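The values are calculated or read from the model by the stated rules, or taken from the named source; none is laboratory data. Predicted, not measured: the structure shown is a model, and the values here were computed from it. We place every Cβ from the backbone using ideal geometry, glycine too, and count neighbours over all the protein chains shown. Heavy atoms of the whole protein, side chains included, go into the accessibility calculation; ligands, DNA and RNA do not. Shrake-Rupley method; radii C 1.70, N 1.55, O 1.52, S 1.80 Å.
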Amino acid sequence: MDRYTVGLVSELVNQGVQVTLFHRACEPLNLAHIKNLRCNIVGLKDYSGLHWEQIVLPLALLKGKFDLFHAPAERGVPLFAPCPVVFTIHSVTGNSYYNLVQSGLLPGCVSDYLGYDFNPSSYSFWNHLFRLQLFRANYIITPSDFCRSEVIRFLNVHSSRVITTHLAAHQQFEKPARPENERDTLLKSLGIKKPYLLYVGGYEPHKNVAGLLETFAIVKKTRSDLMLVIAGSKFIPKSLKQKALALNLNANDVLFLVDVTDELTDLYDSAELFVTLSWRETFCLPALEAMKRGVPVIGSQWGAFSEVAGDAGQVINPNDYTGAANTILQMLKPEKRMFLSDLAYQQAQKFNWKKTGKETLNIYKILRGKCRQ
């Protein structure tokens, strides 16, 4: 959501939009994110998040006489906004996993995948507020057609109000690759040995990193020279390290990393393949980042992965670890990998912030025109 907000704001400014970025004064924004945004950034004081969202923010919109308000991160819609509202919903994760479990595609219960229980029919104040925000928004933006279909289906939003504008990769992934010897120095400092497979994403249960470990253990029986590098966020769950040990995967086989940022481009550039067994993604931005670097990608047949990867990606059943392992082994063949590498790079060029910004600005113009009428 941070990357979406930063990428979109930057491009809107490029296209001549005067943007004011509001945030809670008690929660300063990441300086690295905002240093080049070239927009007005205003911290608003509040007593709580709800007070900021429903009282402080609409008053600031009224005082500033803004043409439109865009809530970019799945919350923050002021119900009494004095102007048209655009609301970006990145995922309806709870509803989606509830459906996967109820349909029998995933065993167990929803909490096994999300870490908490979820039932779309249960009532809570926050769920009710979210429903009101859905109703208040003039248009809802989603990052993929898959996500759009889920918003329409699970949240009962009319299709005419839901529009897809795809995500794009950060500008760091547009830069030329560094010389191989420089990349090798970085890899060595991180404890990475080539050749390796790469996963980038979260460590949450629904990302199915445990399934990726099981798949890699099968791959290792044929390709003992391979390493698996897992670049996640926040912290490494102890259960995943225990899972690796139970599969006889030691520190020379699997490397867990946390919050890799500037080094990520080098990790992509030296990887053999990008692999994710996340059950379903509503976009899968890391796959796009990998394709920007010409890295072949593998991901779930459920969700938006195939929408992003197109013919350049190989889809797998995330429940079938043996099948996923066989796909990996096939893609590691030099001729196959080289062919898919070219396709991956070509497919990635279809996604860029200029296109996303233009499509978003078109939505703004529609609302502005309606407001004037």
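The set of residues in region 162-218 being outside any loop (DSSP other than H, G, I, E, B), more than 30 Å from Ser111 (Cβ to Cβ) and open to solvent by less than 20 Å² (accessible area, probe 1.4 Å) consists of Phe173, Leu187, Tyr196. Please determine, by comparing only the residues of region 72-82 that are touching a helix residue (DSSP H, G or I) at 6+ places or on another chain (Cβ under 6 Å) and not aromatic (Phe, Trp, Tyr), which one is nearest to Glu150 (Cα to Cα). The residue in question is Pro72.
Taking region 146-160 as the range and being surrounded by 15 or more Cβ atoms within 10 Å (Cβ to Cβ) and either at pLDDT below 95 or not small (Gly, Ala, Ser) (or both) as the test, the residues that pass are Phe146, Cys147, Arg148, Glu150, Val151, Ile152, Phe154, Leu155, Val157. Screening the candidates Pro120, Pro78, Pro28, Pro107 for the property of being at pLDDT 95 or above and of a type outside the set (Asp, Glu) yields one hit, Pro78. Could you please find all residues in region 337-373 being exposed (fewer than 14 other Cβ atoms within 10 Å of the Cβ) and under 30 Å from Thr222 (Cα atoms)? Passing the criteria: Met338, Asp342. Of the residues in region 127-145, at least one is open to solvent by 30 Å² or more (accessible area, probe 1.4 Å), in contact with an Asp or Glu (Cβ under 7 Å, 6 or more places away or on another chain) and either more than 30 Å from Leu267 (Cα to Cα) or assigned to a helix (DSSP H, G or I) (or both). One residue stands out in region 253-299 among those that are of a type in the set (S, T, N, Q) and buried (at least 19 other Cβ atoms within 10 Å of the Cβ): the one that is farthest from Met227 (Cα to Cα), namely Thr282. The set of residues in region 300-331 being within 18 Å of Gly201 (Cα to Cα), surrounded by fewer than 23 Cβ atoms within 10 Å (Cβ to Cβ) and among the aromatic types (Phe, Trp, Tyr) consists of Trp302 alone. Scan region 13-38 residue by residue and report those that are touching a strand residue (DSSP E or B) at 6+ places or on another chain (Cβ under 7 Å), loosely packed, with under 15 Cβ neighbours inside 10 Å and in contact (Cβ under 8 Å) with a residue 24 or more places away in the chain. Thr20 - this is the single residue of region 13-38 that is touching a strand residue (DSSP E or B) at 6+ places or on another chain (Cβ under 7 Å), loosely packed, with under 15 Cβ neighbours inside 10 Å and in contact (Cβ under 8 Å) with a residue 24 or more places away in the chain. Taken over region 222-242, the residue count meeting the criterion of being without any contact (Cβ under 8 Å) to a residue 40 or more places away in the chain, farther than 27 Å from Asp2 by Cβ and buried (at least 19 other Cβ atoms within 10 Å of the Cβ) is 1. The set of residues in region 1-30 that are touching a helix residue (DSSP H, G or I) at 6+ places or on another chain (Cβ under 8 Å) and not in a helix (DSSP H, G or I) comprises Gln15, Val17, Val19, Thr20, Leu21, Phe22, Arg24, Asn30. In region 174-194, what residues are under 25 Å from the mean Cα position of the chain (by Cα) and more than 11 Å from Leu267 (Cα to Cα)? Matches in region 174-194: Glu174, Lys175, Pro176. The number of residues in region 31-84 being in a loop (DSSP other than H, G, I, E, B), of a type outside the set (Lys, Arg), more than 25 Å from Pro143 (Cβ to Cβ) and out of contact with any Lys or Arg (no Cβ under 9 Å at 6 or more places or on another chain) comes to 2. Candidates are the residues of region 51-101 that are of a type in the set (Phe, Trp, Tyr) and touching a Phe, Trp or Tyr at 6+ places or on another chain (Cβ under 7 Å); the one that is least open to solvent (accessible area, probe 1.4 Å) is Tyr97.
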